[in-house]
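The values are calculated or read from the model by the stated rules, or taken from the named source; none is laboratory data. Being a predicted model, the structure only gives us computed values, none of them experimental. Reconstructed Cβ throughout: ideal geometry from the backbone, glycine too, with neighbour counts over all protein chains shown. These area figures cover heavy atoms from the full protein model, side chains too; ligands, DNA and RNA do not enter into them. Shrake-Rupley method; radii C 1.70, N 1.55, O 1.52, S 1.80 Å.
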Amino acid sequence: MGSDERNLAALVRYFPDGFPEQMQPDNCGVERPRLSTVETEWYPSQWSAACEPPLEDAATSETSSQFTFRFSYLPSFDSSIYMRLESHDSGHILVVKQMTGSGGYDPGIISRSKEIELTEDEVAAIHESIVGILEARDESIATSRQEGPKDTCFSTFDGTQWVLETVRDGQYDLVQDNTPKEGPLFDLGLMLLTKTGWKDVPEM
């Protein structure tokens, strides 16, 4: 991430005050800030390059509902994809963008984009999936705190970061995983990527 990208991202507040510093167990059961310093700079630099707004702003505009989400697909060595819900009086739109660069390095510029109309039932199903994802995350945190740090553990540095942000009733939240192969976040992300209709979207 270059200095220009960091400076641009710094002009936009993508996370609520204090959010990155909130403590929660990592995959090894060790209490750490929920976003690392790298992630706190990395994600906004990518969103800024994609002309993506802070999700809280997207949810609090006069024409938007109190529920929205953004799914970010960030491969280390391939182009990123962003998918964000816009809900208005006239209906629901899934805004999709793909970049020219690499998710782990220079994001490049927007290479293609589209808007996909979603029905009320589709949005309700996505909302239900997100509630399940957040509940599963909270249960995992509670279990990790009860069990404590693991004796053996490993971390993944490369791969693809799956980041799900959501705003519900004014409350921002974020769930992420590196290269998931199963689970509710994987299921939702795969469904969203498939919905683009792009034949060359990454195969899972």
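Laid out as a table, the results:
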item	result
Matching residues, segment 25-38, being at pLDDT 90 or above, surrounded by 15 or more Cβ atoms within 10 Å (Cβ to Cβ) and assigned to a strand (DSSP E or B)	33
Residues of segment 65-83 satisfying the condition of being touching a helix residue (DSSP H, G or I) at 6+ places or on another chain (Cβ under 9 Å) and open to solvent by 10 Å² or more (accessible area, probe 1.4 Å)	65, 66, 67, 73
Given (1) in a helix (DSSP H, G or I); (2) under 27 Å from residue 81 (Cβ atoms), index of the condition residue 143 fails	(2)
Single condition residue 197 does not satisfy, out of (1) within 21 Å of residue 78 (Cβ to Cβ); (2) surrounded by 13 or more Cβ atoms within 10 Å (Cβ to Cβ)	(2)
Leading residue by the ranking (modelled with the highest pLDDT) among those in segment 39-80 that are closer than 18 Å to residue 168 by Cα and assigned to a helix (DSSP H, G or I)	55
Residue match in segment 107-124 (condition: in contact (Cβ under 8 Å) with a residue 60 or more places away in the chain and within 17 Å of residue 173 (Cβ to Cβ))	no
Long-range neighbours under 7 Å by Cβ, at least six apart or interchain, first residue under 17 Å from residue 33 (Cβ atoms) within segment 171-187, second among the basic types (Lys, Arg)	175/137
Matching residues, segment 98-116, being in a strand (DSSP E or B) and surrounded by fewer than 20 Cβ atoms within 10 Å (Cβ to Cβ)	110, 111, 112, 113, 114, 115, 116
